[in-house]
Amino acid sequence: WQAGDLAISNSDGRYNLLLQGVLRARIDRELPTGKLYREVEATALPDPAYQGPLALQLRQAIVQLATQLPDAVAEWVSQVTATKEGGELADLVASAVVAEGARRGRVLDELRVPERLELVLEDLGALLARMGTGPDSGGYKN
């Protein structure tokens, strides 16, 4: 994890930090510490490369979503997603369209890139359907 740009001090001296995940990891063990935060030993779980039909379908759905957004936002979404592939693309889109809760946890926990892409594609398809721009089925399915 790496710290983001936001650190807000509470009146009692504590901070709320915004963290940005940079990779998935398996916690191997928690280290004993007298600190106010956890320290762990972990093993990185990098995504394997993936450039398949699900990534293409997700890009097409993003383009469709962009047509419903203000121009400046649509341009930013298109630029950001154009540089991402596979699991990184799925994670980026998921951060914007998958609601908090069990479904989001399922997406975040999924280590297999094609399955993660499919989960995100279903949620984005459902969002497009609610907006009246996606397929009547409520999602894109492979």
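A short reminder: the numbers here are calculations on the coordinates, not readings from a lab. Predicted model only: the values in this text are computed from it and were never measured. Cβ coordinates were reconstructed from backbone atoms using ideal geometry, including for glycine residues, and neighbour counts include every protein chain displayed.
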Report summary line: Charge tally for neighbours of A96 with beta carbon under 13 Å away, counting Lys, Arg as +1 and Asp, Glu as -1, is -1
Query raised in the report: What is the packing order of peptides 28-34, 70-76, taking the mean over residues of other C-beta atoms within 10 Å and listing the highest first?
Result: 70-76, 28-34
Report task. Normalising by the residue count of the chain, find the relative contact order in percent from Cα pairs under 8 Å and 6+ residues apart. Result -> 16 percent
Report task. Mind jotting down the three principal axis lengths of region 1-119 based on Cα atoms? Whole angstrom, largest first. Result -> 50, 35, 25
